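Working notes, beginning with the structure itself.
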Amino acid sequence: MFRGSRERSSADDHVAYGGLASAESRRNLLLPTLHEVQSSVGWVSHGALNYISERLSVSPAEAYGVATFYDLIATEPRPERVAHVCDDIGCLAAGAGSMLDDLRDRLGEPDEFGGSIAWTRSPCLGQCEKGSAAFIQVAGGDDVVVAPATAEQVIEILHAEKPQPSVSPSPIRQDTRLLGRTTLSLSHHESHGGLEALRKALTMLPGDVVDEVTASGLRGRGGAAFPAGIKWRAVGAEAGPKYVVCNADESEPGTFKDRVLMEEDPYRLIEATTIAGYAVGADKGYIYIRGEYPGALRRLSDAIEEVRDRGYLGGNIAGSDFSFDIEIRRGAGAYICGEETALFNSIEGFRGEPRQKPPFPTQAGLFGRPTLVNNVESLMNIPAIVLEGGAAFASIGTEESTGSKLFCVSGNVLGPGVYEAPFGVSTRDVIDMAGGVDGDLQAVLVGGAAGSFVAGDQLDVPLTFEDASAAGISVGSGVVMVFNTEVDMAPIVSRIATFFRHESCGLCVPCRVGTVRQEESLIRLRTAEDRDEELALLADLDVVMRDSSICGLGQLATVAVQSAITIGLIGAKS
Amino acid sequence: MFGAGGGTSSYEEIETTDLIILWGSNARSAHPIFFHHLLKGVRNGAKMYAVDPRRTESAQWADTWLGIDVGSDIALANAVAREIINAGLANTEFIEHSTSGFDDFAEFVEPYTLERAEEISGVPASAIRALAHDYATAETAQLCWTLGITEHHNATDNVVALINLALLTGHVGRYGSGLVPIRGQNNVQGGGDMGALPNKLPGFQNVADDELRGKFEKAYGMTIPSEPGWHVTQMFDAMERAELSAMYVIGENPAQSEADSGRTIELLEGLDHLVVQDIFLTKTAAMADVVFPAASGWAESEGTFTSSERRVQRVRRALDPPGSAKDDLAILFEFANAMGHEWGTADAEDVWDELRSLSPMHAGMSYERLEAMGGIQWPCPDIGHPGTKFLHAWLWEDPMPREPAPFSLVEWVPPVDPLDEDYPIRLTTGRRLDAYNTGVQSSGYRSPIYAGAVIDMTPEQAADLGASEGDVVRITSRRGSVEAPVRFTNGLRRGLVFMAIHSPDDLDVNTLTLDAWDPKSGTAEFKATAVRIETT
Amino acid sequence: MIEQRIADPVATVTVTIDGAPVTMPETATLLEASRAAGADVPTLCYLETLTPFNSCRLCVVEVAGSRTLVPSCSRMVEEGMEVQTDSDRVQHTRRMVYELLDSTVDLSLVDDETTRQMERYGVRTNRFGDGYRRTEAVKIEDDLYVRDYEKCIMCYRCVAACGPDAQNTFAIDVAGRGLTSTIATEYDITLPDSACVYCGNCVGVCPTGALMFTSEYRMRESGDWDEDRQTVTTTICTFCGVGCNLELHVQDNRIVKVTSPMDHEVTSGHLCIKGRFGYAHIQSESP
């Protein structure tokens, strides 16, 4: 438990300060420290881990448990450059399979870490509109993203003296509420009316800000669609210390809207998070950002510095009595950390396993304190709600789904990208916004890997929370992934099952074992003599995982598979 | 101090107390399950101080470790008392109501300034001050100690100095506040309770009290000497004076466990007659004229043990002892019968019931109740009594049913074995987690964490000596000399080394220790030996 | 004057378990309420002395108004809750959980209670073809413990016992993620090289025999282990003054295993290395 006992001096001979409280206060530095070692050396050796453990008073076994939880932290020797290449459904549908074949031909099999460079397959990297993507970990330098990516480009970067990112700009529709503004500096942000909402909020009573959010009818954009006002009010009513957490761990396959928002307009997110802090009475905010988003991370980090320098973060914001600061925490390759309680554990320096709810985050969240968790897109709506009033926001969209929604359109469409529309548009409308289907439509995955495949009449269901729910589908994070008739759906559905098996944290039995049994059954189903038996098995798994998994990951891991069976994409008698 | 000798609190109290002071105790290793209770307290938010020359596995859990020099406890305790008084933090209401001699005490500790305590103990004044203030202002506090307090030539004074602190702050006699000595052996408490003390009859009844002694004489049909007997250290002195010529040793191994083992062995050899009753042919047994092969007390015998929280619990026979070995009670009965008495056949419950009829604090503890309740904490005066979680609640009663508790004036004196140019290094001894006392019982299994018969020191100390880890060094005290390999640890400092007591056959630490002992308790100063260390 | 701690009066709440009202202290769990109502609720990862880990999901019950089933071991009672402890959905989860576990690990040494529950729920084996099964060599690294992770159901009990719930040594934790996650020391170093202090408390809480004392393992290997010939006697440890209760498991007048009663307040079932293994001296042929 002693801090740095290896570096004793005679001053330590007769007194030492340590203890559990001191150790617990340092535990949250574990993941950032592992990140530091990983990004300097390319992996975390036993010696490095022991040193970290000693300095942070975490047991080595626990630190190892944390390190091995994340895909981006290696505990075995790895080369200084490792390419994580997306082989997930969006890129597969868009034809990235041939790029992967090319890479294998030229670099050999994935996951061979003996040489000076290596590559590995990656779940969705959140670059779906590009059609192919690679995230390259660069020891001793900055991680870079290549999207779209060719085998040639990936290999070039793996060998480059100073790797540079190569990301094509995201096609963005102009003149919308959330998109279309690329703020280059805080002044630029201000010239677009930035910080006005924060200044206005600071003149209001915190409870009045909460009232506006409640009146706006804003519902969470991360997938669960929970009414924001209820959360804000609940946290506001609790005693401090309290936290605001911005969930920017966007990892749902097919989802990339939050990345675009952070890359294009980071100041607004900072402003919104600060308003949230003021409204609920928090002293600190965390933005937990996906590890594979180095671009967004950099923009947001720089922006926070700039905002802090200008006195809009830190003590006595804009001369008010309100003090608040924001710290960025970087994820490390674990989809589950997008689940809010797993995210807390990750920040706190524990394995990113979800917690059983209740208690809910509003009662006992980060560090066991009342915590407001909102998704990036949800928060981005806040400045407008403060400036225009909740009622104005509520007038957009439908009664139960207010405001506009970002849709992440990818796959076989002519114009993949992020699109914004007031709630009420259907899947078909969204596809039309994106220029229509490239080829003949087979099916659309709505809501991400945790969402459903839809086809036929379902394409006309308005993508509002209420209509989607009534139709048995989910708006989720706004994924609209299009598959034309050229796509063999069995491997796509299997890839979703593989995704959940890979991302299951392993805590609860239904999800830990259920995800692998589902994956295995889908493979057997392709050639099974007795399809009914496999289908019955899949149905049994569906029920137990939905009913009894500890968190949303397991509860939703069968939904897409079941919908694919329902609409006949897989499992039908040939 | 308060009459019956026992820890005042229950283990459960440390789980919810506000402040824990662990003084001269490495409970993490020596009393691991007590430490589980302590850790629950820490996890429930208790602040923790450790006062110990070594930064032990226990001290690592403390918010603040006070690394005192060996034998400076009284100076530190008196300075804590002075600081509490001078800062106006003493519990004046409690002092007035429940104690006596405060004014003299306040005057007595006045010279023990924080600065002086720092000079004597090495601990920064600021840390001593913080401990004083935290102890005085805590709502509830547990002050725990073990052999780091009692294995000194002035053991009783050490204990008294700590008791003074509890009297000063009122941290005794309430749930959550108490004085907690954790016993080193399974039944030290029970042995004392049963009258295995030179001046006490069972139930801490004074042997000099005619009425109490008369009660026992009547029950036993014997005359009992009114003079206190000798404790073990006095017995060896008596041997030296040729006043003691025969000895019956039951379950002890003094040839290896006593300080200055050279002298001990010489004295044992000089006895006319030595009888040893043990489960092993120990080094002492090997010297005996007669050996009674005994059964182990905890697995091959019936009876009771009493724990450090005064909990009397049943011991049961799980195994038949090997060969002709018999349990202690059976041997004593046969011994008595052979000497012409008619004790009949041994039965543990009969003996216990006789004890209950004579010792009021055990009266309510039938075997049936001990079984049903998972043990009972004394005092338990009648068959309907639930036992007593904490002692000395009377201190808070109004009016006080007994004489107030007196403050005691105890001066700090340095350890008997001084450091000088020839013997510049302080050796202290203790236990390790996986071993016990002289290793007779604990050497039977193959511990994967066995440290070996080593001497622990810091790398800096070793560098001063020109030794590397693993090098064998010679350790010499004013009484003897041993060799041991060096093991590095960060829990010590220059001038302080540590050896465990568990492997006397490989490394007889008590060749080095001295037999200066506390005249009041009879414990020897195992904790403070002056040595020099040389490479070999 | 405070004679003993006077507990604050605990408020009670009334819940309905399988149609019958049950009144419990508000600090009670649904598991406690269900069992108080006489319901037969299986558990596996849950242990009274440890913080619930919510991993096995066997104790789930159906609570009116809750979308998902609720683990009863960790959920506190709330006024007016309507609970079904053995509905079709509950039965489905329990059967499936047993089948999923059985399909991945060796459950041959689970306790009789688990065997009974598996029969009760009609658990079918081999439903999942030749899929993934945990395969790993038995770890024998010292004379005290054997670790056979082919029997490990990842209930986290050992991690809790080694960690904050009892021993606070933190020698082991879950490593990796998902199906291939495992209980491990850092970098899978051997236990003697780890922070392990051999208290045996991990073994003491293991429900499947994945962790076993070497004494038992060797006797099982040689076919000598016979619980019908064993007696269990509770006595007090000899190794310090704390007064830990020991349960000595004796076969043929030899101690073959040492445990401690979970319901005794001194140990809560936990011991140290001496209490757990220090018995050899009374049965060594040549001391």
Query raised in the report: Among the candidates B:Ile84, B:Ile33, which residue alone is hydrophobic (A, V, I, L, M, F, W, C), without any contact (Cβ under 8 Å) to a residue 24 or more places away in the chain and assigned by TED's automatic domain parsing to the domain that holds B:Leu147?
Result: B:Ile33
Report summary line: The condition of being under 30 Å from B:Thr146 (Cα atoms) and either buried (at least 18 other Cβ atoms within 10 Å of the Cβ) or more than 22 Å from the chain's Cα centre (by Cα) (or both) holds, among C:Gly223, C:Gly200, only for C:Gly200
Report task. State whether the residues of region A:37-49 include one that is in contact with a helix residue (DSSP H, G or I) (Cβ under 8 Å, 6 or more places away or on another chain), at pLDDT below 95 and within 11 Å of chain C (Cβ to nearest Cβ). Result -> no
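Taking region B:46-62, which residues are under 19 Å from A:Glu24 (Cβ atoms) and either surrounded by 24 or more Cβ atoms within 10 Å (Cβ to Cβ) or modelled with pLDDT of 95 or more (or both)? Break it down into steps so the answer makes sense when it comes.
Residues of region B:46-62 under 19 Å from A:Glu24 (Cβ atoms): B:46-50, B:57-62.
The answer is B:Ala46, B:Lys47, B:Met48, B:Tyr49, B:Ala50, B:Ser58, B:Ala59, B:Trp61, B:Ala62.
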Query raised in the report: Does A:Phe113 satisfy the criteria of being touching a strand residue (DSSP E or B) at 6+ places or on another chain (Cβ under 8 Å), closer than 26 Å to A:Leu34 by Cβ and at pLDDT 95 or above?
Result: no
Query - Tally of residues being among the aliphatic types (A, V, I, L, M) and within 14 Å of chain C (Cβ to nearest Cβ) across region B:407-464 - result: 5
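Give the residue, chosen from A:Ala134, A:Ala147, that is surrounded by 23 or more Cβ atoms within 10 Å (Cβ to Cβ) and farther than 18 Å from A:Arg78 by Cβ.
Numbers: A:Ala134 fails: farther than 18 Å from A:Arg78 by Cβ.
From the options A:Ala134, A:Ala147, the qualifying one is A:Ala147.
Could you please find all residues in region B:460-486 being among the small types (Gly, Ala, Ser) and in a helix (DSSP H, G or I)? Outline the logic, then answer.
Within region B:460-486, the subset among the small types (Gly, Ala, Ser) is B:462-463, B:466-468, B:470, B:477, B:480-481, B:484.
The answer is B:Ala462, B:Ala463.
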Requested in this report: Look through A:Arg121, A:Arg181, A:Arg104 and report the one residue that is touching a residue at least 60 places away in the same chain (Cβ under 8 Å) and either crowded, with 19+ Cβ neighbours inside 10 Å or charged (D, E, K, R) (or both).
Outcome: A:Arg181
Report summary line: Going through (1) outside the structural domain of A:Tyr243 (by TED's automatic domain parsing); (2) within 30 Å of A:Arg27 (Cα to Cα) one by one, A:Lys357 fails only at (1)
**Report entry** Condition met for C:Leu211 (within 13 Å of C:Leu144 (Cα to Cα) and under 20 Å from the mean Cα position of the chain (by Cα))
**Finding:** yes
**Report entry** B:Ala166 surrounded by 22 or more Cβ atoms within 10 Å (Cβ to Cβ) and free of Cβ contacts under 8 Å to residues at least 40 places away in the same chain
**Finding:** yes
Report summary line: Within region B:234-280, restricting to residues that are within 14 Å of chain C (Cβ to nearest Cβ) and touching a strand residue (DSSP E or B) at 6+ places or on another chain (Cβ under 7 Å), the one that is surrounded by the fewest Cβ atoms within 10 Å (Cβ to Cβ) is B:Gly251
Report summary line: Only one of (1) away from chain C (no Cβ under 14 Å); (2) assigned to a strand (DSSP E or B); (3) surrounded by fewer than 20 Cβ atoms within 10 Å (Cβ to Cβ) does not apply to B:Phe292, and that is (3)
Query raised in the report: In region C:259-275, how many residues are more than 7 Å from chain B (Cβ to nearest Cβ), under 15 Å from B:Gln313 (Cα atoms) and buried (at least 23 other Cβ atoms within 10 Å of the Cβ)?
Result: 1
Query raised in the report: In region B:468-506, which residues are in contact with a helix residue (DSSP H, G or I) (Cβ under 6 Å, 6 or more places away or on another chain), away from every other protein chain (no Cβ under 14 Å) and closer than 22 Å to B:Gly122 by Cα?
Result: B:Met499
Query - Meets criteria (touching a helix residue (DSSP H, G or I) at 6+ places or on another chain (Cβ under 8 Å) and either of a type in the set (Asp, Glu) or in a loop (DSSP other than H, G, I, E, B) (or both)) for A:Leu569 - result: yes
Query raised in the report: Within region A:32-45, restricting attention to residues that are in a helix (DSSP H, G or I) and in contact (Cβ under 8 Å) with a residue 24 or more places away in the chain, which residue is nearest to C:Ala171 (Cα to Cα)?
Result: A:Leu34
Query - Test result for A:Gly417, under 25 Å from the mean Cα position of the chain (by Cα), within 22 Å of A:Ala133 (Cβ to Cβ) and not assigned by TED's automatic domain parsing to the domain that holds A:Cys128 - result: yes
**Report entry** Scan of region C:32-47 for residues that are part of a loop (DSSP other than H, G, I, E, B) and closer than 21 Å to C:Val97 by Cα, ordered by number
**Finding:** C:Ala39, C:Asp40, C:Val41, C:Pro42, C:Thr43, C:Leu44, C:Cys45, C:Tyr46, C:Leu47
Requested in this report: Go through region A:523-561 and give me each residue that's more than 9 Å from every other protein chain (Cβ to nearest Cβ) and touching a strand residue (DSSP E or B) at 6+ places or on another chain (Cβ under 8 Å).
Outcome: A:Val559, A:Ala560
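Every residue, every condition in (1) over 21 Å from B:Asn26 (Cβ atoms); (2) free of Cβ contacts under 8 Å to residues at least 24 places away in the same chain; (3) touching a Gly at 6+ places or on another chain (Cβ under 7 Å), yes or no:
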| position | (1), (2), (3) |
| --- | --- |
| B:His97 | yes, no, no |
| B:Leu114 | yes, no, no |
| B:Leu131 | no, no, no |
| B:Leu147 | no, no, yes |
Report task. Scan region A:375-391 and give yes if some residue there is surrounded by fewer than 21 Cβ atoms within 10 Å (Cβ to Cβ) and either within 14 Å of chain C (Cβ to nearest Cβ) or in contact with a strand residue (DSSP E or B) (Cβ under 8 Å, 6 or more places away or on another chain) (or both), otherwise no. Result -> no
Query raised in the report: Pairs under 6 Å by beta carbon, first residue at the interface with chain C (Cβ under 8 Å from one of its Cβ atoms) and at positive phi in region B:180-204, partner part of a loop (DSSP other than H, G, I, E, B) and surrounded by 19 or more Cβ atoms within 10 Å (Cβ to Cβ), six or more apart or different chains?
Result: none
Query raised in the report: Failed condition for B:Thr146, given (1) buried (at least 24 other Cβ atoms within 10 Å of the Cβ); (2) modelled with pLDDT of 95 or more, with all others met?
Result: (2)
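Being among the small types (Gly, Ala, Ser) and over 16 Å from B:Pro360 (Cα atoms) narrows it down to one of B:Gly195, B:Gly170, B:Gly214, B:Gly190, so name that one.
On the way: B:Gly195 fails: over 16 Å from B:Pro360 (Cα atoms); B:Gly214 fails: over 16 Å from B:Pro360 (Cα atoms); B:Gly190 fails: over 16 Å from B:Pro360 (Cα atoms).
So the residue among B:Gly195, B:Gly170, B:Gly214, B:Gly190 that is among the small types (Gly, Ala, Ser) and over 16 Å from B:Pro360 (Cα atoms) is B:Gly170.
The values are calculated or read from the model by the stated rules, or taken from the named source; none is laboratory data. Keep in mind that this is a model prediction, so the values were computed, not measured. Don't worry about glycine lacking a Cβ; one is built from the backbone with ideal geometry, like all the others, and counts go over all protein chains shown.
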